[in-house]
Amino acid sequence: MTTETKTKPTSTQVDALCEKFDAAKMEADLAGQELSKAKGELLAMVQDFGYTPTNAEKTMRLEGTLYVADATTASTFEIIETSVGELQSELSRLKLPKVFGTLFQRKVKHSLKKDAASTFKIAIGAFEETTQTRLLGIFATCFNVNTKAPALSVELATALREKEAAAAEKAAKKAEREAKKAKKGGK
């Protein structure tokens, strides 16, 4: 077993390594600027000339011979807890406390369920129009919809087509299983 003893570097060695580091950092900064510029140009091109792929409403796609560029814009929901509490109180006052559970999941904070808007409209449909309007107004203040900056991905077109084909095959198998299941349940 050999143990290597470390010797303190000379000031010249320290300077040389620092110079190497500084040069690499400058190259990385320049590369980052070039990457940012190329990303901006490609993103603009995709947004100007791309199309919306099937089942991807928030994505624009532009295809070349070798590459496919997708620009996807996502949204996030911010739940406004004070408004959620107000809506919960109002629904309780109107003897509809169960409706609240169809709109929000209670964790540490509330999260909006996917079909909350349509569920809520159905649930309050029997009330007078003024009450419906007031409840919908309160509901609308329970969250904000924020749009995120578009995300850009670039991959080889062949790889993307393979992924899409695999996803389509998986969806077809799932539909087939559900059809068989429904057929068994319908007998």
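Values quoted throughout were computed directly from the atomic coordinates according to the rules given, and no laboratory measurement underlies them. Just so we're clear, the structure is a prediction, and the values are computed from it rather than from any experiment. Note: ideal-geometry Cβ built from the backbone for every residue, glycine included; neighbour counts use all protein chains shown.
Annotation: amide H of Phe143 within the under-5 Å range of Ile80, sequence separation 5 or more or interchain, hydrogens built in the peptide plane.
Principal axis extents of the Cα atoms in the range 1-131, from largest to smallest and rounded to whole angstrom, are 84, 47, 33.
If each DSSP helix of 4+ residues adds -39,500 (n - 2.57) and the sum is divided by the residues in the chain, what number results at 222 nm, nearest 500 deg cm²/dmol? List each step's numbers first, then the result.
Working: 6 runs with 109 residues, N = 187.
Taken over the chain, the calculation gives -20000 deg cm²/dmol.
Among the helices of the chain (complete DSSP H runs), which have Cα atoms covering no less than 20 Å along the helix axis and a Kyte-Doolittle mean of at least -0.5? Let's see the in-between values first.
Working: long enough: 11-49 (56 Å, -0.14); 157-186 (43 Å, -1.19).
Answer set is 11-49.
Going by a ≥ b ≥ c, the root eigenvalues of the Cα gyration tensor, does the range 1-54 fall in the rounded group (a/c under 1.5), the prolate group (a/b larger than b/c) or the oblate group? It is oblate, given that a/c is not under 1.5 and a/b is not larger than b/c. A crude spin-label estimate for the pair Glu176 and Ser89, with each label 7 Å from Cα along the Cβ direction, gives 5.6 nm. Note: relative contact order over the chain, using C-alpha pairs below 8 Å and six or more positions apart, is 23 percent. Note on the chain: with a GNM built from Cα contacts shorter than 10 Å, the maximum mean-square fluctuation among Pro150, Pro97, Pro53 falls on Pro97. Within the chain, the longest segment free of exposed loop sites, counting GluC sites (Glu not before Pro) that fall outside DSSP classes H, G, I, E and B and have at most 14 other Cβ atoms within 10 Å, spans 58-127. Residues whose amide H lies under 5 Å from that of Tyr67, counting only those 5 or more places away or on a different chain, are Ala157; hydrogens are built 1.01 Å from N in the peptide plane. Only Cα sites of the range 75-147 enter the Debye sum here, all with the same form factor; the resulting log10 I(q)/I(0) across q = 0.18, 0.25, 0.27 1/Å is -0.65, -1.27, -1.47, listed in q order. Our note on the geometry: Cα centres of the range 117-187 and the range 42-69, 22 Å apart.
Once you order the gyration tensor axes a ≥ b ≥ c over the Cα atoms, which shape class does the range 64-187 get: rounded for a/c under 1.5, otherwise prolate or oblate by comparing a/b with b/c? Oblate.
Projecting the Cα atoms of Ala149, Ser83, Ile124 onto the charge dipole of the chain (Cβ charges, centred on the Cα centre) puts Ile124 farthest toward the positive pole. Computed about its Cα centre, the charge dipole of the chain is approximately 1640 debye, with only Lys, Arg, Asp and Glu carrying charge at their Cβ. Taking Asp48, Asp70, Asp22 in turn, the Gaussian network model of the chain (Cα-Cα springs below 10 Å) assigns the largest fluctuation to Asp22. Using a Gaussian network model of the chain in which every pair of alpha carbons under 10 angstrom is joined by a spring, one finds that among Gly125, Gly40, Gly50 the greatest mean-square fluctuation is at Gly125.
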